[in-house]
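The structure under discussion appears below in the form of structure tokens.
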Amino acid sequence: MYSLNGKFGALVTMMALLLALLYCYISLSFRVVVTFEQEQAIANGRSAGTVRKNHVFHLVAPDHLMYKQPSIVEGRTDVVTVTPWLAPVVWEGTFNPELLDSIYRQQNISIAATVFAVGKYIMFLKDFLETAEQHFFVGFRVQIFVFTDRPNEVPKVKMAADRGVTVHAVPSSNRWQVISARRMELVQELIEQKLQGKTDYIFCLDVDSKFHNRWGTESLGGLVAVIHPGYYWDPRSNFPYERRAQSRAYVAVGEGDFYYCGGAFGGNIEEVRLLAKTCRSNFEADSADGLEAAWQEESHLNRYMWINKPSKILSPEYLWQDFKSRNREIQIIRFSGIVKNYADIRPNV
Ligand SMILES: *[C@@H]1O[C@H](CO)[C@@H](O)[C@H](O)[C@H]1NC(C)=O
């Protein structure tokens, strides 16, 4: 009887030990995620508790979803699909849209987009909104935030349930450089005052552009940059980075990865908040020194992305320019800047 109890006791001890080990293992693996979030939170000056979910690290596909077999030996060979820091470069043919959509649909994500329609730029808003409704995250919860000095002229566009437009009035400005400069400030404020804890991702887009094809869940990531269509065949010494060392947007000759668009960028709202906050304060510090970077916010964005590597890069399919003939490697144009006459729309050039 005694010996049986002894064995039973040993068994219980063993079980308890195993459970303790399992607990340690689980809490340790969990710690990895928490640590990342805490770091982010510290960098952002917030407590860890407000970070909602961790989409990037945990992609859950629906059970029994049927789709084309992936391959690591067949696929696009005409373009580079990964950066030297192993961020994917999104090109047509590198992703399965149905698979990605079904992964993100289960997460019930919501996406914000910002667009600035100041002065005569309001004329581009109708096409932007109508084509966004046809191509931008179709089937997902999307809120487009329009910043304009002409709120009464914002066109009514019919949108699906769970999608909408919110108008924010901003003062007009007589210099387009100033309008461009204030964007980062407004993006930061929007995230802090309206989006934190409610929205998962945000994209900041140029209004003088139209969607032509899908822009969807394949574009989601922590920090997402779009390669500028004008420079990706060029050596980096040709990139129009800010080249004065006194500027906080300075990138030296021989430095830099790609030339990224100021007209489209985004990612997780915390990452974009950090980017907007940093670019804004660098911009303001430059201003105080009487400096304006070569391409204003785009220069500061490029400097930021040189140090803070984007976790996902979108190919120039994601911001082409209508006046450019389509290069061979561009199999599809998703979003493109329309041809415009600057003298007509900018208050000063
Ligand atoms: C998705 O999130 C929204 C907003 O939080 C909520 O109203 C809706 O019920 C959610 N849908 C599902 C399927 O969980």
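The values are calculated or read from the model by the stated rules, or taken from the named source; none is laboratory data. Computed from a predicted structure; not experimentally measured. With ideal geometry, Cβ positions are generated from the backbone for all residues, glycine too; neighbour counts draw on all protein chains shown. Protein only, heavy atoms only, side chains kept; ligands, DNA and RNA dropped before computing areas. Shrake-Rupley method; radii C 1.70, N 1.55, O 1.52, S 1.80 Å.
Tabulated data for the structure shown
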{"item": "Some residue of the range 260-272 being at positive phi and surrounded by fewer than 22 Cβ atoms within 10 Å (Cβ to Cβ)", "result": "no"}
{"item": "Flag if N282 is more than 18 Å from the chain's Cα centre (by Cα) and without any contact (Cβ under 8 Å) to a residue 24 or more places away in the chain", "result": "no"}
{"item": "Where a residue in the range 193-214 is of a type outside the set (F, W, Y) and its partner, wherever it lies, is within 14 Å of the ligand (Cβ to nearest atom) and open to solvent by 50 Å² or more (accessible area, probe 1.4 Å), with Cβ under 7 Å and at least six apart", "result": "G197/R52"}
{"item": "Among residues of the range 169-211, those that are more than 24 Å from Y318 (Cα to Cα) and open to solvent by 40 Å² or more (accessible area, probe 1.4 Å), counted", "result": "13"}
{"item": "Complete set of residues in the range 123-146 that are over 16 Å from C204 (Cα atoms), of a type in the set (A, V, I, L, M) and assigned to a helix (DSSP H, G or I)", "result": "M123"}
{"item": "Number of the exception - F136 against (1) within 16 Å of the ligand (Cβ to nearest atom); (2) within 18 Å of the chain's Cα centre (by Cα)", "result": "(1)"}
{"item": "Yes/no for R243 being at pLDDT below 95 and either under 26 Å from S299 (Cα atoms) or away from the ligand (no atom under 16 Å from the Cβ) (or both)", "result": "no"}
{"item": "Residues (open to solvent by less than 50 Å² (accessible area, probe 1.4 Å), farther than 14 Å from Y231 by Cβ and not in a helix (DSSP H, G or I)) located in the range 314-345", "result": "L314, E329, I330, I332, I333, R334, F335, S336, G337, I338"}
{"item": "In the range 70-84, residue nearest to S311 (Cα to Cα) [restricted to those that are open to solvent by less than 100 Å² (accessible area, probe 1.4 Å) and among the charged types (D, E, K, R)]", "result": "R76"}
{"item": "Out of S281, S247, sole residue that is small (G, A, S) and touching a helix residue (DSSP H, G or I) at 6+ places or on another chain (Cβ under 6 Å)", "result": "S247"}
{"item": "Qualifying residue in the range 159-170 (condition: outside any loop (DSSP other than H, G, I, E, B), within 26 Å of I333 (Cβ to Cβ), assigned by TED's automatic domain parsing to the domain that holds A264 and within 16 Å of the ligand (Cβ to nearest atom))", "result": "yes"}
{"item": "Residue that is at pLDDT 95 or above and closer than 21 Å to A117 by Cβ, where the choices are L319, L275", "result": "L319"}
{"item": "Which numbered condition S102 misses (of (1) in a loop (DSSP other than H, G, I, E, B); (2) more than 30 Å from R280 (Cα to Cα))", "result": "(1)"}
{"item": "Scope the range 102-127; condition more than 17 Å from the chain's Cα centre (by Cα) and either farther than 22 Å from F145 by Cα or within 16 Å of the ligand (Cβ to nearest atom) (or both); matching residues", "result": "S102, I103, R105, Q106, Q107, N108"}
